[in-house]
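Take a look at the structure set out below.
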Amino acid sequence: DSGVTQTPKHLITATGQRVTLRCSPRSGDLSVYWYQQSLDQGLQFLIQYYNGEERAKGNILERFSAQQFPDLHSELNLSSLELGDSALYFCASSAHDPLQSIVEQFFGPGTRLTVL
Amino acid sequence: ELKVEQNPLFLSMQEGKNYTIYCNYSTTSDRLYWYRQDPGKSLESLFVLLSNGAVKQEGRLMASLDTKARLSTLHITAAVHDLSATYFCAGYAGGTSYGKLTFGQGTILTVHP
């Protein structure tokens, strides 16, 4: 158990809908990362937050957005869902700002999203 | 942009045998990570390699990093069934990439009796 929690574990929804995935980082970790894992794209970085601020963006679609709240939990919002958005979405957290020190990212259990 | 490639992508081994998974990356990577993933599960951190020549070992797994060759290896010694999983390497470009990890395609390892 990495200490990173994600809810829900599974989500089944229809095309066109909107969902919110939630992540709580390890106690004391300020950085939160979101990754998408799918069969065709592999593991891809989506976005990173550090202490409430967006720090880096990867291959994140405009239909997707995220935020990190003052209590450091993060939410990933996916809207206008398409079949191709079906994937495993992981949240990871790390202790320090990567610019300042060497960090290790610890991954949560993931949310499996199925779009029908 | 950092690109990471693993080979082989599929590895079927007999118990007791040795083998190596290779991870090549395209540009400078400040550090190199190895993760393990069991089917439908999360990623478990195995090793973080921070400098050229770094070697780390845990049980039957040993990872090394050659930054000049832009190559990391994960060596499996005397494989056992419990090592069956998917293994990912990931690079970190640093700079404006901040915390972004770039993952390889993964190597699906199956260990047979």
Next item on the list: Can you confirm whether segment B:33-42 contains a residue that is over 29 Å from A:Lys57 (Cα atoms), modelled with pLDDT of 95 or more, surrounded by 12 or more Cβ atoms within 10 Å (Cβ to Cβ) and out of contact with any His (no Cβ under 6 Å at 6 or more places or on another chain)?
Entry: no
Next item on the list: Please go through segment A:82-92 and pick out each residue that is open to solvent by less than 30 Å² (accessible area, probe 1.4 Å) and of a type outside the set (Ser, Thr, Tyr).
Entry: A:Asp85, A:Ala87, A:Leu88, A:Phe90, A:Cys91, A:Ala92
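Okay, residues lined up against (1) within 14 Å of chain B (Cβ to nearest Cβ); (2) buried (at least 17 other Cβ atoms within 10 Å of the Cβ):
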{"position": "A:Tyr33", "(1), (2)": "yes, yes"}
{"position": "A:Gln37", "(1), (2)": "yes, yes"}
{"position": "A:Tyr49", "(1), (2)": "yes, yes"}
{"position": "A:Glu54", "(1), (2)": "yes, no"}
{"position": "A:Asn59", "(1), (2)": "yes, no"}
{"position": "A:Arg63", "(1), (2)": "no, no"}
{"position": "A:Phe69", "(1), (2)": "no, no"}
{"position": "A:Glu75", "(1), (2)": "no, no"}
{"position": "A:Ser80", "(1), (2)": "no, no"}
Check: Does segment B:4-45 hold any residues that are within 11 Å of B:Ala90 (Cβ to Cβ), within 14 Å of chain A (Cβ to nearest Cβ) and not in a loop (DSSP other than H, G, I, E, B), and which are they?
Finding: B:Val4, B:Gln6, B:Cys23, B:Arg31, B:Leu32, B:Tyr33, B:Trp34, B:Tyr35, B:Leu43, B:Ser45
Check: In the list B:Thr86, B:Thr102, which residue meets the criterion of being touching a residue at least 60 places away in the same chain (Cβ under 8 Å), in a strand (DSSP E or B) and within 18 Å of A:Gln37 (Cβ to Cβ)?
Finding: B:Thr102
Check: Counting only residues that are outside any loop (DSSP other than H, G, I, E, B) and open to solvent by 40 Å² or more (accessible area, probe 1.4 Å), which one in segment B:46-56 is farthest from the other protein chains (Cβ to nearest Cβ)?
Finding: B:Val55
Next item on the list: With the condition kept exactly as written, say whether any residue in segment B:28-39 is over 30 Å from A:Val4 (Cα atoms) and basic (Lys, Arg).
Entry: no
Check: Which is on the phi > 0 side of the Ramachandran plot and free of Cβ contacts under 8 Å to residues at least 24 places away in the same chain, of A:Gly16, A:Gly52?
Finding: A:Gly52
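Residue-wise test of (1) closer than 23 Å to B:Asn18 by Cα; (2) out of contact with any helix residue (DSSP H, G or I) (no Cβ under 9 Å at 6 or more places or on another chain); (3) away from chain A (no Cβ under 14 Å); (4) open to solvent by 40 Å² or more (accessible area, probe 1.4 Å).
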position	(1), (2), (3), (4)
B:Ser64	yes, yes, yes, no
B:Leu74	yes, yes, yes, no
B:Leu83	yes, yes, yes, no
B:Leu109	yes, no, yes, no
B:His112	yes, no, yes, yes
Note to self: If I ask for residues that are open to solvent by less than 60 Å² (accessible area, probe 1.4 Å), in a strand (DSSP E or B) and within 11 Å of chain B (Cβ to nearest Cβ), which ones from segment A:1-31 would you list?
What the structure shows: A:Gln6, A:Ser31
Notebook entry, point to check: Residues of segment B:57-83 being more than 15 Å from B:Arg36 (Cβ to Cβ) and outside any strand (DSSP E or B), which ones?
Noted result: B:Thr67, B:Lys68, B:Ala69, B:Arg70, B:Thr77, B:Ala78
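Does B:Arg70 count as surrounded by fewer than 21 Cβ atoms within 10 Å (Cβ to Cβ), away from every other protein chain (no Cβ under 14 Å) and modelled with pLDDT under 95? Step through it out loud before you land on a result.
Values: surrounded by fewer than 21 Cβ atoms within 10 Å (Cβ to Cβ): yes; away from every other protein chain (no Cβ under 14 Å): yes; modelled with pLDDT under 95: yes.
So B:Arg70 fits the description; yes.
The values are calculated or read from the model by the stated rules, or taken from the named source; none is laboratory data. Because the structure is a prediction, the values reported are computed rather than measured. As a convention, Cβ positions derive from the backbone with ideal geometry for all residues, glycine included, and neighbour counts pool all protein chains shown. The accessibility values were calculated without ligands, DNA or RNA, using every heavy atom of the protein model including side chains. Shrake-Rupley method; radii C 1.70, N 1.55, O 1.52, S 1.80 Å.
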